[in-house]
């Protein structure tokens, strides 16, 4: 496997502080703007959203990939995220990103393994390892085994073991 990968993205300006971003092989381009507080258009994705989204989407992909390889069945994974801008050394920059992953599992006896996988995903997330600002992981595990049995939510009993 090659150790060098390249990801090309292009952006086109449409109006002041706004544009469209696209990537080769991806069908739907995304409209973006600077945040309204910086003179941009409201209700659009911003570079700041993209930055935080890259961290949270990488975490979700990493966790689900690790769980798949480990054959660890889970009911759901939801991750709330927040990036904080702060003026440091005379310039605005991201001072932190907080990711709060919540994984729901069917059985209490899987709690420790779920926490271990959540932490492993945080350590192996490519974006988290690549950005300058710290990323704070606050994982949580919820057990819903008595309420949702694997066969009632479409998860094979084999995966839930």
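The values are calculated or read from the model by the stated rules, or taken from the named source; none is laboratory data. Since the structure is predicted, the reported quantities are computational estimates derived from the model, not experimental observations. Cβ atoms come from the backbone with ideal geometry, glycine included; neighbour counts cover every protein chain shown.
Restricting attention to region 88-109, the residues being over 20 Å from residue 57 (Cα atoms), touching a helix residue (DSSP H, G or I) at 6+ places or on another chain (Cβ under 7 Å) and part of a strand (DSSP E or B) number 1. Taken together, 55, 70, 96 contain a single residue that is more than 18 Å from residue 134 (Cα to Cα) and assigned by TED's automatic domain parsing to the domain that holds residue 132, which is 70.
Every residue, every condition in (1) under 23 Å from residue 92 (Cβ atoms); (2) outside the structural domain of residue 127 (by TED's automatic domain parsing); (3) more than 23 Å from the chain's Cα centre (by Cα), yes or no:
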{"site": "10", "(1), (2), (3)": "no, yes, no"}
{"site": "13", "(1), (2), (3)": "yes, yes, yes"}
{"site": "17", "(1), (2), (3)": "yes, yes, yes"}
{"site": "20", "(1), (2), (3)": "no, yes, no"}
{"site": "26", "(1), (2), (3)": "no, yes, no"}
{"site": "29", "(1), (2), (3)": "no, yes, no"}
{"site": "33", "(1), (2), (3)": "yes, yes, no"}
{"site": "36", "(1), (2), (3)": "yes, yes, yes"}
{"site": "39", "(1), (2), (3)": "yes, yes, yes"}
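The single residue among 33, 54, 76, 6 that is surrounded by 15 or more Cβ atoms within 10 Å (Cβ to Cβ) and free of Cβ contacts under 8 Å to residues at least 60 places away in the same chain turns out to be 33. Among the residues of region 79-112, those that are over 19 Å from the mean Cα position of the chain (by Cα) and either without any contact (Cβ under 8 Å) to a residue 24 or more places away in the chain or at positive phi (or both) comprise 86, 87, 88, 89, 90, 91, 92, 109, 112.
For region 79-93, enumerate the residues that are in contact with a strand residue (DSSP E or B) (Cβ under 6 Å, 6 or more places away or on another chain) and either surrounded by fewer than 14 Cβ atoms within 10 Å (Cβ to Cβ) or not assigned by TED's automatic domain parsing to the domain that holds residue 137 (or both). I'd like the intermediate steps shown before the answer.
Here is the first cut: in region 79-93, the residues in contact with a strand residue (DSSP E or B) (Cβ under 6 Å, 6 or more places away or on another chain) are 79-86, 92.
Across region 79-93, the qualifying residues are 80, 82, 84, 86, 92.
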